[in-house]
1. Can you tell me the dipole magnitude for the stretch 154-267 around its Cα centre, using point charges on the Cβ only (Lys, Arg +1; Asp, Glu -1), in Debye to the nearest 20?
2. Stretched out fully, how many nm does the piece from residue 71 to residue 130 gain, at 0.36 nm a residue minus the Cα gap?
3. Taking the solvent-accessible surface of protein heavy atoms with a 1.4 Å probe, what is the per residue accessible area of the chain in Å²?
4. Once you have the Cα-Cα distance between residue 272 and residue 328, take 0.36 nm times their residue separation minus that, and quote the gain in nm to one decimal.
5. Looking at the chain as a GNM with Cα springs under 10 Å, which of 319, 203, 286 has the largest mean-square fluctuation?
6. Given a 1.4 Å probe and every protein chain left where it sits, what share in percent of the accessible area of the chain is carbon and sulfur?
7. Relative to a virtual label point 7 Å from the Cα of residue 295 in the Cα→beta-carbon direction, which members of the stretch 155-189 show backbone nitrogen distances below 17 Å?
8. I want to check the label-to-label distance for residue 305 and residue 139. Put each point 7 Å from Cα in the C-beta direction and report it in nm to one decimal.
Amino acid sequence: MATLVTGGAGYIGSHTVVALHGAGRDVVILDDFSNASRRAVDAIRSLARSDLPVEEGDAGDSQVLDAVFGRHRIDSVVHFAARKSVAESVADPLGYYRSNLGSVISLAAAAIDRGVPRLVFSSSATVYGSASAPPVTEESPTVPESPYGETKLMGERILADAAAASEMSVISLRYFNPVGAHPSGLIGEDPSGEPANLVPRIMQVAAGRRERLDVYGADYSTVDGTAVRDYVHVMDLAEGHVAALDADIAPAHSRTYNLGTGSGTTVLQILAAASEVLGTPIPHEMAERRPGDIEASWADCTRALDELGWQARRDLAQMLTDHWNFVRQQSSC
Ligand code: UD1
(Lines give C-alpha, C1' and ligand atoms only; values in the text may rest on other atoms or scores of the structure.)
Protein backbone atom coordinates (compact mmCIF):
# COMPACT_ATOMS: atom_id res chain seq x y z
CA MET A 1 0.00 0.00 0.00
CA ALA A 2 1.26 3.46 -0.85
CA THR A 3 0.74 7.12 0.02
CA LEU A 4 -0.32 9.25 -2.94
CA VAL A 5 1.40 12.65 -2.80
CA THR A 6 -0.10 15.21 -5.18
CA GLY A 7 2.33 18.03 -5.94
CA GLY A 8 5.08 15.66 -4.80
CA ALA A 9 7.69 17.31 -7.04
CA GLY A 10 7.10 20.75 -5.52
CA TYR A 11 8.90 22.45 -2.67
CA ILE A 12 7.25 21.04 0.46
CA GLY A 13 5.97 18.01 -1.48
CA SER A 14 9.42 16.79 -2.52
CA HIS A 15 10.78 17.00 1.03
CA THR A 16 7.71 15.22 2.34
CA VAL A 17 8.13 12.41 -0.20
CA VAL A 18 11.72 11.90 1.00
CA ALA A 19 10.60 11.96 4.66
CA LEU A 20 7.76 9.49 4.01
CA HIS A 21 10.07 7.17 2.15
CA GLY A 22 12.59 7.45 4.98
CA ALA A 23 9.84 6.49 7.41
CA GLY A 24 9.29 3.27 5.46
CA ARG A 25 6.26 4.21 3.38
CA ASP A 26 5.79 3.50 -0.30
CA VAL A 27 4.99 6.69 -2.17
CA VAL A 28 3.38 7.55 -5.51
CA ILE A 29 3.90 11.10 -6.80
CA LEU A 30 1.24 12.84 -8.87
CA ASP A 31 2.35 16.16 -10.35
CA ASP A 32 1.52 18.14 -13.47
CA PHE A 33 4.93 19.91 -13.42
CA SER A 34 3.28 23.30 -13.95
CA ASN A 35 5.39 24.76 -11.11
CA ALA A 36 7.88 22.00 -10.35
CA SER A 37 10.86 20.65 -12.19
CA ARG A 38 11.53 17.13 -13.42
CA ARG A 39 15.00 17.51 -11.94
CA ALA A 40 13.34 17.33 -8.53
CA VAL A 41 12.10 13.83 -9.36
CA ASP A 42 15.61 12.65 -10.25
CA ALA A 43 16.87 14.14 -6.99
CA ILE A 44 14.10 12.51 -4.95
CA ARG A 45 14.82 9.15 -6.55
CA SER A 46 18.50 9.46 -5.86
CA LEU A 47 17.89 10.47 -2.21
CA ALA A 48 15.40 7.65 -1.74
CA ARG A 49 17.65 5.23 -3.67
CA SER A 50 14.47 3.98 -5.27
CA ASP A 51 12.57 4.33 -8.53
CA LEU A 52 9.53 5.95 -6.93
CA PRO A 53 6.56 5.89 -9.28
CA VAL A 54 5.69 9.29 -10.75
CA GLU A 55 2.39 9.98 -12.48
CA GLU A 56 2.11 13.11 -14.59
CA GLY A 57 -1.27 14.80 -14.52
CA ASP A 58 -3.68 17.20 -12.88
CA ALA A 59 -4.91 16.22 -9.41
CA GLY A 60 -8.24 17.85 -10.26
CA ASP A 61 -8.87 15.63 -13.27
CA SER A 62 -11.11 12.69 -12.33
CA GLN A 63 -9.90 10.61 -15.28
CA VAL A 64 -6.30 11.07 -14.17
CA LEU A 65 -7.30 10.10 -10.64
CA ASP A 66 -9.20 7.01 -11.85
CA ALA A 67 -6.08 5.88 -13.70
CA VAL A 68 -3.76 6.56 -10.74
CA PHE A 69 -5.99 4.84 -8.20
CA GLY A 70 -6.42 1.99 -10.67
CA ARG A 71 -2.68 1.46 -11.11
CA HIS A 72 -1.61 1.75 -7.47
CA ARG A 73 -2.88 0.50 -4.15
CA ILE A 74 -3.34 3.78 -2.26
CA ASP A 75 -4.12 3.82 1.47
CA SER A 76 -3.47 7.50 2.23
CA VAL A 77 -3.25 10.80 0.38
CA VAL A 78 -1.24 13.97 1.00
CA HIS A 79 -2.58 16.81 -1.13
CA PHE A 80 -0.12 19.60 -1.97
CA ALA A 81 -0.90 20.30 -5.63
CA ALA A 82 -2.23 23.86 -5.79
CA ARG A 83 -1.51 27.30 -7.10
CA LYS A 84 0.07 29.40 -4.36
CA SER A 85 0.69 33.00 -5.34
CA VAL A 86 -1.27 35.58 -3.38
CA ALA A 87 -0.82 38.27 -6.05
CA GLU A 88 -1.80 35.93 -8.88
CA SER A 89 -4.90 34.88 -6.96
CA VAL A 90 -6.01 38.51 -6.68
CA ALA A 91 -5.61 38.93 -10.45
CA ASP A 92 -7.23 35.59 -11.31
CA PRO A 93 -9.60 34.66 -8.47
CA LEU A 94 -11.82 32.38 -10.54
CA GLY A 95 -8.81 30.50 -11.83
CA TYR A 96 -7.68 29.98 -8.25
CA TYR A 97 -11.09 28.87 -6.98
CA ARG A 98 -11.55 26.54 -9.92
CA SER A 99 -8.12 25.00 -9.71
CA ASN A 100 -7.50 24.79 -5.96
CA LEU A 101 -11.02 23.79 -4.97
CA GLY A 102 -11.66 21.62 -8.03
CA SER A 103 -8.69 19.45 -7.10
CA VAL A 104 -9.80 19.18 -3.46
CA ILE A 105 -13.28 18.03 -4.52
CA SER A 106 -12.11 15.56 -7.19
CA LEU A 107 -9.40 14.09 -5.01
CA ALA A 108 -11.60 13.74 -1.92
CA ALA A 109 -14.31 12.06 -4.01
CA ALA A 110 -11.81 9.65 -5.53
CA ALA A 111 -10.28 8.84 -2.14
CA ILE A 112 -13.66 8.31 -0.46
CA ASP A 113 -14.88 6.12 -3.35
CA ARG A 114 -11.88 3.84 -2.81
CA GLY A 115 -12.25 3.76 0.99
CA VAL A 116 -8.98 5.60 1.62
CA PRO A 117 -8.91 6.12 5.41
CA ARG A 118 -6.66 9.23 5.71
CA LEU A 119 -6.11 12.44 3.77
CA VAL A 120 -3.66 15.19 4.77
CA PHE A 121 -4.26 18.64 3.30
CA SER A 122 -1.65 21.29 2.72
CA SER A 123 -3.08 24.47 4.25
CA SER A 124 -1.46 27.70 5.30
CA ALA A 125 -1.20 30.20 8.14
CA THR A 126 -2.56 32.66 5.58
CA VAL A 127 -6.05 31.47 6.69
CA TYR A 128 -5.67 33.58 9.86
CA GLY A 129 -5.08 36.87 8.08
CA SER A 130 -4.42 39.76 10.46
CA ALA A 131 -7.45 39.25 12.67
CA SER A 132 -5.60 38.05 15.78
CA ALA A 133 -2.47 39.06 17.64
CA PRO A 134 0.17 36.32 17.60
CA PRO A 135 0.72 33.65 18.67
CA VAL A 136 -2.26 32.20 16.81
CA THR A 137 -3.82 28.93 17.84
CA GLU A 138 -5.98 26.69 15.67
CA GLU A 139 -8.99 28.26 17.42
CA SER A 140 -8.03 31.83 16.45
CA PRO A 141 -10.44 33.47 13.99
CA THR A 142 -9.81 32.65 10.33
CA VAL A 143 -10.10 35.69 8.08
CA PRO A 144 -8.19 35.10 4.83
CA GLU A 145 -7.23 38.25 2.99
CA SER A 146 -6.83 36.93 -0.54
CA PRO A 147 -8.54 34.48 -2.90
CA TYR A 148 -5.54 32.17 -2.35
CA GLY A 149 -6.14 32.24 1.42
CA GLU A 150 -9.85 31.65 0.84
CA THR A 151 -9.10 28.54 -1.22
CA LYS A 152 -7.08 27.13 1.67
CA LEU A 153 -9.81 27.78 4.25
CA MET A 154 -12.56 26.53 1.92
CA GLY A 155 -10.44 23.49 1.12
CA GLU A 156 -10.24 22.67 4.83
CA ARG A 157 -14.02 23.07 5.20
CA ILE A 158 -14.88 21.02 2.12
CA LEU A 159 -12.65 18.22 3.38
CA ALA A 160 -14.09 18.40 6.91
CA ASP A 161 -17.62 18.06 5.51
CA ALA A 162 -16.54 15.25 3.18
CA ALA A 163 -14.86 13.43 6.08
CA ALA A 164 -17.96 13.78 8.29
CA ALA A 165 -20.08 12.07 5.63
CA SER A 166 -17.62 9.20 5.11
CA GLU A 167 -15.16 6.89 6.88
CA MET A 168 -12.19 9.07 5.94
CA SER A 169 -10.28 11.23 8.43
CA VAL A 170 -8.70 14.51 7.35
CA ILE A 171 -5.84 16.51 8.80
CA SER A 172 -5.17 20.04 7.58
CA LEU A 173 -1.70 21.38 8.25
CA ARG A 174 -1.34 25.16 8.43
CA TYR A 175 2.22 25.99 7.54
CA PHE A 176 3.86 29.18 8.66
CA ASN A 177 6.84 30.38 6.53
CA PRO A 178 8.75 27.46 5.02
CA VAL A 179 12.49 27.98 4.52
CA GLY A 180 15.48 25.73 3.95
CA ALA A 181 16.17 22.63 1.93
CA HIS A 182 17.18 19.01 2.30
CA PRO A 183 20.70 18.91 3.85
CA SER A 184 22.03 17.18 0.73
CA GLY A 185 21.26 20.32 -1.30
CA LEU A 186 19.65 18.12 -3.96
CA ILE A 187 16.10 19.36 -3.44
CA GLY A 188 14.90 22.78 -2.34
CA GLU A 189 12.74 25.68 -3.41
CA ASP A 190 12.98 25.96 -7.16
CA PRO A 191 10.39 28.57 -8.23
CA SER A 192 9.82 28.80 -11.96
CA GLY A 193 9.45 32.60 -11.98
CA GLU A 194 10.96 35.42 -9.94
CA PRO A 195 10.66 34.63 -6.22
CA ALA A 196 8.54 36.97 -4.09
CA ASN A 197 9.40 35.46 -0.70
CA LEU A 198 12.00 36.90 1.62
CA VAL A 199 14.59 34.15 1.95
CA PRO A 200 14.80 33.22 -1.75
CA ARG A 201 15.35 36.92 -2.48
CA ILE A 202 18.08 37.21 0.17
CA MET A 203 19.78 34.24 -1.47
CA GLN A 204 19.61 36.02 -4.83
CA VAL A 205 21.32 39.05 -3.32
CA ALA A 206 23.99 36.84 -1.75
CA ALA A 207 24.53 35.10 -5.09
CA GLY A 208 24.94 38.44 -6.87
CA ARG A 209 21.77 38.00 -8.91
CA ARG A 210 19.94 40.87 -7.21
CA GLU A 211 21.55 44.16 -6.25
CA ARG A 212 19.93 44.55 -2.84
CA LEU A 213 16.98 43.53 -0.74
CA ASP A 214 14.17 46.02 -0.23
CA VAL A 215 12.92 45.72 3.33
CA TYR A 216 9.17 46.19 3.07
CA GLY A 217 8.27 48.42 5.98
CA ALA A 218 10.38 49.78 8.83
CA ASP A 219 7.55 51.40 10.78
CA TYR A 220 5.79 48.34 12.20
CA SER A 221 5.27 48.13 15.97
CA THR A 222 7.92 45.46 16.42
CA VAL A 223 11.33 45.35 18.12
CA ASP A 224 13.13 46.88 15.14
CA GLY A 225 10.22 48.20 13.08
CA THR A 226 10.26 45.36 10.53
CA ALA A 227 7.63 42.64 10.15
CA VAL A 228 7.74 39.40 12.11
CA ARG A 229 7.17 35.87 10.77
CA ASP A 230 7.53 32.30 11.99
CA TYR A 231 10.12 30.74 9.66
CA VAL A 232 10.18 26.94 9.80
CA HIS A 233 12.56 24.46 8.21
CA VAL A 234 10.98 22.56 5.31
CA MET A 235 12.38 19.28 6.68
CA ASP A 236 10.51 19.92 9.93
CA LEU A 237 7.35 20.51 7.88
CA ALA A 238 8.00 17.30 5.96
CA GLU A 239 8.24 15.38 9.22
CA GLY A 240 4.94 16.96 10.29
CA HIS A 241 3.26 15.10 7.43
CA VAL A 242 4.68 11.77 8.54
CA ALA A 243 3.29 12.48 12.02
CA ALA A 244 -0.08 13.49 10.54
CA LEU A 245 -0.40 10.23 8.59
CA ASP A 246 0.32 8.30 11.79
CA ALA A 247 -1.96 10.40 14.02
CA ASP A 248 -4.79 8.87 15.94
CA ILE A 249 -7.82 10.59 14.40
CA ALA A 250 -11.10 8.66 14.29
CA PRO A 251 -12.82 7.96 10.97
CA ALA A 252 -15.18 10.75 9.85
CA HIS A 253 -13.25 13.30 11.91
CA SER A 254 -11.01 16.17 10.88
CA ARG A 255 -8.46 18.29 12.70
CA THR A 256 -6.25 21.29 11.92
CA TYR A 257 -2.69 21.81 13.18
CA ASN A 258 -0.32 24.75 13.07
CA LEU A 259 3.18 23.86 11.90
CA GLY A 260 5.70 26.53 12.85
CA THR A 261 8.47 27.01 15.37
CA GLY A 262 6.37 29.04 17.78
CA SER A 263 8.67 32.04 17.66
CA GLY A 264 8.87 35.09 15.45
CA THR A 265 11.81 36.70 13.64
CA THR A 266 11.95 40.18 12.08
CA VAL A 267 13.19 40.89 8.55
CA LEU A 268 16.28 42.63 9.96
CA GLN A 269 17.00 39.66 12.23
CA ILE A 270 16.81 37.35 9.20
CA LEU A 271 19.18 39.61 7.31
CA ALA A 272 21.66 39.61 10.20
CA ALA A 273 21.47 35.83 10.53
CA ALA A 274 21.88 35.38 6.76
CA SER A 275 24.97 37.57 6.56
CA GLU A 276 26.48 35.62 9.46
CA VAL A 277 25.68 32.17 8.05
CA LEU A 278 26.63 33.08 4.48
CA GLY A 279 29.68 35.06 5.57
CA THR A 280 28.80 38.02 3.38
CA PRO A 281 26.92 41.27 3.97
CA ILE A 282 23.46 41.42 2.38
CA PRO A 283 22.96 44.93 0.95
CA HIS A 284 19.49 46.17 1.82
CA GLU A 285 17.41 49.31 1.89
CA MET A 286 14.33 50.30 3.82
CA ALA A 287 11.29 50.56 1.55
CA GLU A 288 7.55 51.09 1.76
CA ARG A 289 5.33 48.43 3.28
CA ARG A 290 4.17 45.80 0.78
CA PRO A 291 0.39 46.13 0.32
CA GLY A 292 -1.49 43.32 2.04
CA ASP A 293 1.36 42.41 4.41
CA ILE A 294 0.59 41.85 8.05
CA GLU A 295 2.71 43.13 10.91
CA ALA A 296 3.43 39.98 12.84
CA SER A 297 2.57 36.31 12.65
CA TRP A 298 3.77 33.34 14.60
CA ALA A 299 2.27 30.08 15.69
CA ASP A 300 1.22 28.46 18.89
CA CYS A 301 2.17 24.85 18.11
CA THR A 302 0.99 23.26 21.35
CA ARG A 303 -1.66 21.16 19.63
CA ALA A 304 0.81 19.62 17.17
CA LEU A 305 3.13 18.74 20.04
CA ASP A 306 0.39 17.33 22.27
CA GLU A 307 -1.49 15.36 19.63
CA LEU A 308 1.04 14.60 16.87
CA GLY A 309 4.16 14.53 19.02
CA TRP A 310 5.63 16.96 16.48
CA GLN A 311 7.74 20.02 17.02
CA ALA A 312 10.20 21.93 14.85
CA ARG A 313 13.77 20.92 15.69
CA ARG A 314 15.91 22.97 13.30
CA ASP A 315 16.92 26.56 14.02
CA LEU A 316 17.22 29.62 11.79
CA ALA A 317 20.94 29.08 11.13
CA GLN A 318 20.15 25.56 9.88
CA MET A 319 17.36 26.87 7.63
CA LEU A 320 19.63 29.47 6.05
CA THR A 321 22.63 27.12 5.73
CA ASP A 322 20.56 24.46 3.98
CA HIS A 323 18.76 26.95 1.75
CA TRP A 324 22.06 28.48 0.66
CA ASN A 325 23.59 25.07 0.06
CA PHE A 326 20.75 24.23 -2.33
CA VAL A 327 20.99 27.57 -4.16
CA ARG A 328 24.74 27.14 -4.64
CA GLN A 329 24.36 23.62 -5.98
CA GLN A 330 21.64 24.73 -8.37
CA SER A 331 23.76 27.50 -9.80
CA SER A 332 26.76 25.23 -10.25
CA CYS A 333 24.89 22.69 -12.42
C1 UD1 B 1 3.76 35.10 1.82
C2 UD1 B 1 2.35 35.04 1.35
C3 UD1 B 1 1.65 33.90 2.09
C4 UD1 B 1 2.39 32.61 1.90
C5 UD1 B 1 3.81 32.81 2.43
C6 UD1 B 1 4.68 31.58 2.36
C7 UD1 B 1 1.78 37.34 0.73
C8 UD1 B 1 1.03 38.57 1.15
N9 UD1 B 1 1.70 36.31 1.61
O10 UD1 B 1 3.73 35.41 3.20
O11 UD1 B 1 0.33 33.74 1.64
O12 UD1 B 1 1.74 31.59 2.62
O13 UD1 B 1 4.40 33.85 1.68
O14 UD1 B 1 5.14 31.34 1.08
O15 UD1 B 1 2.35 37.26 -0.33
N16 UD1 B 1 9.92 40.94 2.66
C17 UD1 B 1 10.78 42.01 2.45
N18 UD1 B 1 11.40 42.12 1.24
C19 UD1 B 1 11.19 41.22 0.21
C20 UD1 B 1 10.32 40.12 0.44
C21 UD1 B 1 9.69 40.02 1.68
O22 UD1 B 1 10.99 42.84 3.34
O23 UD1 B 1 11.78 41.40 -0.85
C24 UD1 B 1 9.26 40.81 3.97
C25 UD1 B 1 7.75 40.84 3.87
O26 UD1 B 1 7.26 42.13 3.90
C27 UD1 B 1 7.37 40.00 5.10
C28 UD1 B 1 8.52 39.02 5.27
O29 UD1 B 1 9.61 39.57 4.52
O30 UD1 B 1 7.31 40.82 6.23
C31 UD1 B 1 8.22 37.64 4.75
O32 UD1 B 1 7.74 37.77 3.42
P33 UD1 B 1 7.36 36.49 2.53
O34 UD1 B 1 8.50 35.54 2.50
O35 UD1 B 1 6.86 37.01 1.23
O36 UD1 B 1 6.23 35.76 3.36
P37 UD1 B 1 4.80 36.29 3.90
O38 UD1 B 1 4.59 37.71 3.55
O39 UD1 B 1 4.69 35.93 5.33
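The values are calculated or read from the model by the stated rules, or taken from the named source; none is laboratory data. Owing to the predicted nature of the structure, the values given are computational and were not obtained by experimental measurement. Quick reminder, even Gly has a Cβ in these numbers, built from the backbone with ideal geometry, and neighbours come from all protein chains shown. To get the accessible areas, we keep the full protein, side chains included, count just its heavy atoms, and leave off ligands, DNA and RNA. Shrake-Rupley method; radii C 1.70, N 1.55, O 1.52, S 1.80 Å.
1. Values: 8 positive and 15 negative charges, 52 e Å.
Computed charge dipole of the stretch 154-267: roughly 240 debye.
2. Working: separation 59, 0.36 × 59 = 21.24 nm, distance 4.40 nm.
Here the answer is 16.8 nm.
3. Working: 14350 Å² over 333 residues.
Result: 43 Å² of accessible area for each residue.
4. On the way: separation 56, 0.36 × 56 = 20.16 nm, distance 1.96 nm.
Gain on extension, residue 272 to residue 328, equals 18.2 nm.
5. Most flexible of the set in this elastic network: 286.
6. Values: 6880 of 14350 Å².
Carbon and sulfur together cover 48 percent of it.
7. No residues fall inside that zone.
8. So the label points at residue 305 and residue 139 sit 1.8 nm apart.
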